[in-house]
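Q: Have a look at the structure that comes next, please.
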Amino acid sequence: MSREPPPTAGLPLRLSDLWPGRAPFADQVATWLGVEQLQLECSGTSAMVVALKAMHGLRPQRDEVIVPAWTCPLVALAIHRAGLKLRLCDLAPNHFDMDVAQLCTLGNSRTLAIVPTHLAGRVADVNAALDVAHRVGAYVLEDAAQALGARQNGQSVGLLGDAGFFSLAVGKGLTLFEGGLLLTRDPVLRSAFAASHQANVHADAKMDWQRALELIGYALAYRPSLLPLAYGRPLRKALAANDPVAAVGDDFGPDIPMHTVSDWRQAVGARALPRLPAFLEVTRMQALRRVERLRRIPGVTVFDDAPGQQGVWPFLLLTLPDHARRDAALKTLWTAGLGVSRLFIHALPDYGYLRDIVADAQLPNARAFAARSLTITNSPWLDEATFEAICVELERATI
Ligand SMILES: Cc1ncc(COP(=O)(O)O)c(C=O)c1O
């Protein structure tokens, strides 16, 4: 394979982004989003730990966090690291969002926060979470790790609830290789987040060097000619070893680095940022066309925006009618180097390495979603002919 698109549409870096410098990166992102302030952290996970510790400090009698049962395993690790307990909410049938009826039964006087999650750039139902949270006295912390730039009625996600965070990890629209941004509309939470950062986050020269080298590697390798080596080869090796968790990079260790972000990485992000709005618009237009095409395949559900929502489009998230047909489609597509992949392999209790911190539960919809979903990259490097070939393969698999 000589060329391969990445599994998500990340903004490519230019070598000129890498010159030395310093810039108020978080303030510049805040200006673009139209939000008052953003707090920079070294990852989305770290931002979540900082936020949860702050919330727990304000409401110490509460120690449970409700999350969708199908989400990034790092969310479970962050809640554990913050010294809190996970409560899993099943998904709504054939949807990535939480089941509202179950959410209502889960909220109680121990609930510290509810975490609606804007997966795949789609806007989750924050109002349903707010209804429950405010009835029981909990916070709503929006997980917008996959949704930097997404809006509802003109307002950035992360401001719909009490607080939210974005990820700047590899593969997200804008990346510092790793990074996170925390936001809130509540001045009490804002000063609690700043104090939590002071208490929990420290400078780490070794991590600065590591991330700097990783970011340079990303700038060099994030191009279709090098992705077969940097992304495709490890993916196909993991799949050949029957390890889908490693194939999608879901295999996380318990360590959560919590350090400051160097001035230089902030400067790199600040130089790339002005190109992000146009990139998001190009990927949005491409996605809207492709969603229409996918809709014509019987049995395929593809997630898009409800009226008033303007999400972002790193990749297209879809489900097939059942596990067997999803696997039939992936059998050829996953290893073919076309940007077709999966998001999270399991519902949270089904990751072996989370067993000690996530209790098993009846989660039929989350497990069905894990078994029926797949993703198609929305990178502009996936050309029309290749996208059409993916659709034809999906048509064949869903017959
Ligand atoms: C839904 C979700 N939440 C949280 C995270 C954690 O963000 P980070 O990788 O920046 O630590 C991710 C990472 O991809 C994610 O997809």
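Since every read-out is calculated from the coordinates, none of them should be taken as a lab result. This structure is a prediction, so every number in the text was calculated from the model and none was measured. Ideal geometry is used to build each Cβ from the backbone, glycine not excepted, and the neighbour counts take in all protein chains shown.
Q: If I take every Cα pair under 8 Å that is 6 or more residues apart in the chain, average their sequence separation and divide by the length, what percent do I get for the relative contact order?
A: Here the relative contact order equals 26 percent.
Q: Among Lys85, Lys172, Lys53, rank each residue by its count of other Cβ atoms within 10 Å, from fewest to most, as a rough exposure measure.
A: Lys85, Lys53, Lys172
Q: Under a straight-distance cross-link criterion of Cα-Cα below 21 Å, which lysines are reachable from Lys85, leaving out those fewer than 8 residues away in the same chain?
A: In chain and number order, the partners are Lys53.
Q: Here is a follow-up. If we sort 25-34, 334-343, 160-169 on the protection proxy, mean other Cβ atoms within 10 Å, highest first, what's the order?
A: On the way: 25-34: 17.7, 334-343: 21.1, 160-169: 27.0.
My ranking of the peptides, most packed first, is 160-169, 334-343, 25-34.
Q: Quick check: net charge around Asn127, other residues with Cβ under 14 Å of its Cβ, Lys/Arg +1 and Asp/Glu -1?
A: -4
Q: Next question, about the same structure. Starting from the Cα-Cα distance between Arg14 and Arg293, subtract it from 0.36 nm times their residue separation and give me the gain in nm to one decimal.
A: Details: separation 279, 0.36 × 279 = 100.44 nm, distance 3.23 nm.
That works out to 97.2 nm of additional length.
Q: Which shape class applies to region 28-125: rounded if a/c is under 1.5, otherwise prolate when a/b exceeds b/c and oblate if not, where a ≥ b ≥ c are the square roots of the Cα gyration tensor eigenvalues?
A: On the way: a/c = 1.80, a/b = 1.17, b/c = 1.53.
Here region 28-125 falls in the oblate category.
Q: Using the Cα centre of the chain as the reference point, and only Cβ charges (+1 on K/R, -1 on D/E), how large is the resulting charge dipole? Debye, rounded to the nearest 20.
A: The calculated dipole for the chain is roughly 420 debye.
Q: Please work out the C-alpha center-to-center distance from region 140-200 to region 341-399 and express it in whole Å.
A: The distance from the Cα centre of region 140-200 to that of region 341-399 comes to 25 Å.
Q: Here's a follow-up. Output the peptides 383-392, 142-151 sorted from most to least packed, where packing is the average of other Cβ atoms within 10 Å over each peptide's residues.
A: 142-151, 383-392
Q: Follow-up question, since we're still on this one. Return the FRET efficiency for the residue pair Arg223, Gln198: r is the Cβ-Cβ distance, R0 is 25 Å, and the value is rounded to the nearest 0.05.
A: 0.05
Q: Just the number, please: Stokes-Einstein D of region 234-302 in µm²/s, Kirkwood Rh from C-alpha pairs, 4 °C, 1.567 mPa s.
A: 78
Q: Starting from the Cα of Gln210, step 7 Å along the direction of its Cβ; do the same at Asn94; then give the gap between the two resulting points in nm.
A: 4.4
Q: To continue, here is another question. Rounded to the nearest 500, what is the 222 nm mean residue ellipticity of the chain from helices alone, with -39500 (n - 2.57) per DSSP H run of 4+ residues and division by all residues?
A: So the calculated ellipticity at 222 nm is -12000 deg cm²/dmol.
Q: Given that compact globular proteins tend to follow 2.2 N^0.38 Å, what is the ratio of the alpha-carbon Rg of the chain to that value?
A: Taking the Cα Rg and dividing by 2.2 N^0.38 Å, one obtains 0.93.
Q: Would you order His118, His197 from fewest to most other beta-carbon atoms within 10 Å of each residue's own beta-carbon?
A: So the residues, fewest neighbours to most, are His197, His118.
Q: Shape call for region 179-232 from the C-alpha gyration tensor, a ≥ b ≥ c root eigenvalues: rounded (a/c under 1.5), prolate (a/b greater than b/c) or oblate?
A: Cα axes put region 179-232 in the oblate bin.
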